[in-house]
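First comes the structure, then the notes that go with it.
Quick note: the coordinates plus some simple rules give every number you see, no bench work behind them. The model shown is predicted, which means the values in this text are computed figures rather than measured ones. Every residue, glycine as well, gets a Cβ built from its backbone with ideal geometry; the counts of neighbours run over all protein chains shown.
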Amino acid sequence: MGLTEQIAAMRAGSGHSGRLLGEFRRTTLLVPLSEGDDGGLMSGWQGGVRWIYAFTDEKALARFAQARGAVREWEYLAILGARLVDAVVPTVDGPTGVAVDVADEDASMLFPPVVGIVPDTYAVDGEPDRAEAV
């Protein structure tokens, strides 16, 4: 079962969080690059958390771009979910999670910055020093 199927199962109440997280970590995700000069990854803020936007395929990315009124194609990075949370999240200031397929109301999933998803020292529920610094 792929990531989109695991997300659907979780949303339907029949999924398993361990299988969902495992599939997320194994899946190559498409992360649009920000349109600014920094060349970083496109993200947004919600509830005090930076959410990196990631997509399961080009169609899901295109729906997001269209919803944002994009007039040109977006460049993106193809990256494993594991690398995104293990290597990229630690380079970002403040609590950071991953929002998958956010343009698809019934197929989106958030992977928040908590222990078990991001490295413990970057999780909001991890080491007390890190949580207080944020």
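Below is a table of values for the structure above.
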{"item": "Test: residue in the stretch 88-97 that is in contact with a helix residue (DSSP H, G or I) (Cβ under 9 Å, 6 or more places away or on another chain), among the acidic types (Asp, Glu) and on the phi < 0 side of the Ramachandran plot", "result": "no"}
{"item": "The stretch 20-41, subset hydrophobic (A, V, I, L, M, F, W, C) and in contact (Cβ under 8 Å) with a residue 60 or more places away in the chain, residue farthest from ASP93 (Cα to Cα)", "result": "LEU20"}
{"item": "Residue in the stretch 104-118 that is without any contact (Cβ under 8 Å) to a residue 12 or more places away in the chain, in a strand (DSSP E or B) and farther than 26 Å from ALA8 by Cβ present", "result": "no"}
{"item": "Hey, TRP45 of a type outside the set (S, T, N, Q) and touching a Ser or Thr at 6+ places or on another chain (Cβ under 8 Å) or not", "result": "no"}
{"item": "3 or more residues over 14 Å from ALA107 (Cα atoms): qualifying helices (runs of 4 or more DSSP H) within the stretch 1-91", "result": "17-26, 58-67"}
